[in-house]
Amino acid sequence: MALFEALLELADDHLVLGHRLSEWCGHAPMLEEDLALPNMALDLIGTSRTLYTYAGEVEGAGRDEDALAYLRDEMEYRNCLLVERPNGDFAQTMLRQLYFAAFMEPYWKAALESPDETVRGIAGKAVKEMAYHIRHAGEWVIRLGDGTEESARRMQEAVEELHRYTDELFHSSAAARGVDALPDRAAIRPEWDRVIGEIFAEARLEIPQVPFPQQGGREMQHGEALGHMLAEMQVTHRAHPGAVW
Amino acid sequence: MYAQGLIGADGKTGESPEFLEAFQKRIDAEEKIEPNDAMPEGYRKTLIRQIGQHAHSEIVGMLPEGNWITRAPSLKRKAALLAKVQDEGGHGLYLYSAAETLGVSREQMTEELHSGKAKYSSIFNYPTLTWADIGIIGWLVDGAAIMNQIPLCRCSYGPYARAMIRVCKEESFHQRQGYEIVMTLAQGTPAQREMVQDALNRWWWPVLMMFGPHDSDSQHSDQNMAWKIKRFSNDALRQKFVDATVPQGEYLGLTFPDPELKWNEEKGGYDFGPIDWDEFWRVVKGGGVMNRDRIRDRKAAWENGAWVREAALAHAEKRRQRAAEAAPIAAE
Ligand SMILES: [Fe+2]
Ligand SMILES: [Fe+2]
């Protein structure tokens, strides 16, 4: 069953981050970003849907994508803390996106070698999307880090705010470990360090020392932000039990 | 989405009769007018105003539907709504580009929207209160937009006509998707049926207002018809919309909030009750429930994003300078 939990970790990361990005829709700093942010949100939500569907099949209890997304409580969500962080300003949103995509791109690349055909299929599509997210978010991190005084300050603040959540990307919960069908999260670290290092150098950003890395989401222990997000996301679905939409 | 019948356009023009006559000949011959062609000032101004209103409507229209992205009741609907709202942003982008060919910048148009000088379709000053509003907006608001925009695909101004062809394809997809949401709700639980009937009751009259004032009260209509900026009258398009829409609603067992709505065999169309033009003008002039919120949200997005746009420019400038400094060294 560890495969079920491991798929939920992935699916929850994608849905929660996709939902966060979708909160920008109509409020972005420029029209081009009002198109790019929903685009990335759609990639993430699309991937979450296939992951939930597969998780439901693996579980074999008849839960479909909506049952898994809308009818689990905060204490059953397995996303890492990074993705549930509120959007903050545009610098924080782009940095969060870069941190996540710089993990997922090599992860999906490794998953292309999975013995599991469904996983290979998901990875084949997602790996290209994540390469685009690295490019798009990475370019913004560089522009903002090496832009004006204000943007550099905001970008450095974003790093201080978010870097402490990045460790958790490399962990799985005890329940989700040792799944042959999926890559080992810890093995992604060198490639993530390389990509972030290159982009930070161009953006003139320092990689901070993190005395207290934050984690807990994988063990279903979240911060305060996720509950509000899920309350909003699930309200319509839960108000009409059993309804078809 | 689409701007309602153009409001407050001033088609006055000061060119010589010979020039105007030659221009009219081109229009009458169904030639497309292109950005570098000579054109009467009134024609140019009217188009800037109309395309600008249309672009602003697409952008402001992202807000009422965006209001339900985070609460969409299923992942499939969430993704579809997100994609739709993104399409509307794309329409705004093509339209701003079309307006720019007439010598007005996107910044200038944006400022005019924020100051209240430029209008956008009043339909977006109504609130989206339930999920059913998303279905009704797709079905009726995008549906009305299509009625208005199909003729614009043959507008005399080339860049606008071409933008409309692309936009119309996506709008008809939105309309079908909206109708499908409405159908699902109409065939759903009692609460869902009630929700969708309530949404229809709230949106029906505002949607009929989207076609603009009656022909008898519509200024400048004749000149715009002659210039083929406009191809059909407001009332003709409204009638066409009612005739196409009422059977679709009745098929789903929905009722329209108009006791006077009745098929008229003789005219081969529906008769319908009087539109409340006081409400229309009140909302156009800023008195709708959401007018202030919409503009406040657009301004907030623009102002909160200023540092991002400045940083992008500053970074591009730094790159340019570094490239210029590096060039002589590389050449040595
Ligand atoms: Fe549109
Ligand atoms: Fe549309």
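Only the coordinates and a few stated rules stand behind these numbers; no lab work does. These numbers were taken from a predicted model, which means no experiment stands behind them. Heads up, the Cβs are rebuilt from the backbone with ideal geometry, glycines too, and the neighbour counts pull from every protein chain shown.
Miscellaneous remarks
- A Gaussian network model of chain B, with springs between Cα atoms under 10 Å, assigns the largest mean-square fluctuation among B:Trp227, B:Trp307, B:Trp277 to B:Trp307.
- Selection of trypsin sites (Lys or Arg not before Pro), the range B:251-332, meeting DSSP coil and at most 10 other Cβ within 10 Å: B:Lys267
- The alpha carbons of the range A:2-239 give a radius of gyration and a Dmax of 17.0, 54 Å, in that order.
- Relative contact order for the range A:2-239: 26 percent, from Cα pairs under 8 Å spaced at least 6 residues apart, divided by residue count.
- For the range A:110-245, averaging the sequence separation of C-alpha pairs within contact (under 8 Å, six or more residues apart) and dividing by the residue count gives a relative contact order of 28 percent.
- Counting Cα-Cα pairs of the protein assembly as shown in 10 Å increments starting at 0 gives whole-percent bin shares of 3, 16, 24, 22, 18, 11, 5, 1, 0.
- Crossing angle, helix B:75-100 versus chain B [Cα axis fit, 0-90 degrees, rounded to tens]: 50 degrees
- Separation of the range B:228-247 and the range A:124-156, taken as the distance between their Cα centroids, equals 47 angstrom.
- Length-normalised contact order of chain B in % [C-alpha pairs under 8 Å, at least 6 apart]: 20 percent
- Of the GluC sites (Glu not before Pro) found in the range B:195-280, those in coil by DSSP whose Cβ has at most 14 other Cβ atoms within 10 Å are B:Glu260, B:Glu265, B:Glu266.
- Neighbouring Cβ atoms from other chains, within 10 Å of the Cβ of residues in B:83-91, number 5 on average.
- Helix B:291-304 vs. chain B, principal-axis angle (Cα, 0 to 90°, nearest 10): 30 degrees
- Shape of the range A:46-159, Cα gyration tensor, a/c cut at 1.5: oblate
- Under 15 Å, Cβ to Cβ, from B:Arg231 - net charge with Lys/Arg +1 and Asp/Glu -1: +1
- Tilt relative to chain B, helix B:106-115 - C-alpha long axis, 0 to 90 degrees, to 10: 50 degrees
- Counting Cβ atoms of other protein chains within 10 Å of each Cβ in B:182-190 and taking the mean gives 2.
- Net charge, B:Asn148 excluded, C-beta distance under 14 Å - Lys, Arg +1, Asp, Glu -1: +1
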